[in-house]
Amino acid sequence: MRKWFVLLFILALVLPTSARAQNAVTLDTLNVRLWAEYDRSSMLVIYDFEPTQSTTLPASIKIRIPKNTNITAVAYQQGDQLINTEFAGPVDDGNWQTITILVKTLTTYHLEYYQTIKRDGNNRSFTYRWTGDYPVNNFKVEVQLPDDSTAVKADPMLPFVPSQPFLSGSASVSKLAEGKSYQMDLSYARI
């Protein structure tokens, strides 16, 4: 009898771990676009992400975004179109809010939100942060600033090139591990 109890105890410890490993989510790509003052005086943040082919479906992917944001789109890509998709939230999570996207097919998923740009006279600053909730095979950040921006600084440093009517720059990271955050600090001035 004692042997059965020990065997059941070991199985209880092992089985939940195996189930979690099978349902683990890895993002194959995550492209983040930061469009400053695009159509509003704030930052339009756009996520396009795709889970790996090995993702068990359906999957729930939780994305944390800053609390002071306004979500405007949650969709998936079908051909050339973006189709609204199921999601839950946002739910408050400390300084963040979390939305949960139900992933039913292996395709690109799309999230858009607006976030306030800090202003001090003509100077503007903005901080973007990926919280590292999932491992990402190919992570890319693209920044677009109005072409009349001056004193442009980015950390990490980006080469900005004029592409009317914007200044554009990008950075990429391969194999961003789970728990590894990525932060970009931007500052620029406009009259």
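Okay, here's what the table says:
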{"item": "In the chain, lysine pairs closer than 20 Å at Cα, eight or more apart or cross-chain", "result": "9"}
{"item": "Table column - 3J(HN,Hα) (Hz), segment 103-117, Karplus curve with 6.51, -1.76, 1.60, x for Gly and Pro", "result": "9, 9, 9, 7, 8, 8, 10, 10, 9, 10, 8, 9, 10, 5, 9"}
{"item": "Phi-based couplings in Hz for segment 86-102 (Karplus 6.51, -1.76, 1.60; Gly and Pro marked x)", "result": "5, 8, 10, x, x, 10, 4, 9, x, 7, 10, 10, 10, 10, 10, 9, 7"}
{"item": "Shape call, segment 38-96: gyration tensor on alpha carbons, a/c limit 1.5", "result": "oblate"}
{"item": "Å² per residue, accessible surface of the chain at 1.4 Å", "result": "58"}
{"item": "Vicinal HN-Hα couplings computed from phi for segment 124-140 (Karplus, 6.51 cos²θ - 1.76 cosθ + 1.60; Hz; Gly/Pro x)", "result": "10, 8, 8, 10, 10, 9, 8, 7, x, 5, 9, x, 10, 5, 9, 10, 9"}
{"item": "Percent carbon-and-sulfur accessible area, the chain, ignoring ligands, DNA and RNA, probe 1.4 Å", "result": "53"}
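The values are calculated or read from the model by the stated rules, or taken from the named source; none is laboratory data. Keep in mind it's a predicted model, so treat the numbers as computed, not measured. These accessible areas exclude ligands, DNA and RNA; they are computed on the full protein's heavy atoms, side chains included. Shrake-Rupley method; radii C 1.70, N 1.55, O 1.52, S 1.80 Å.
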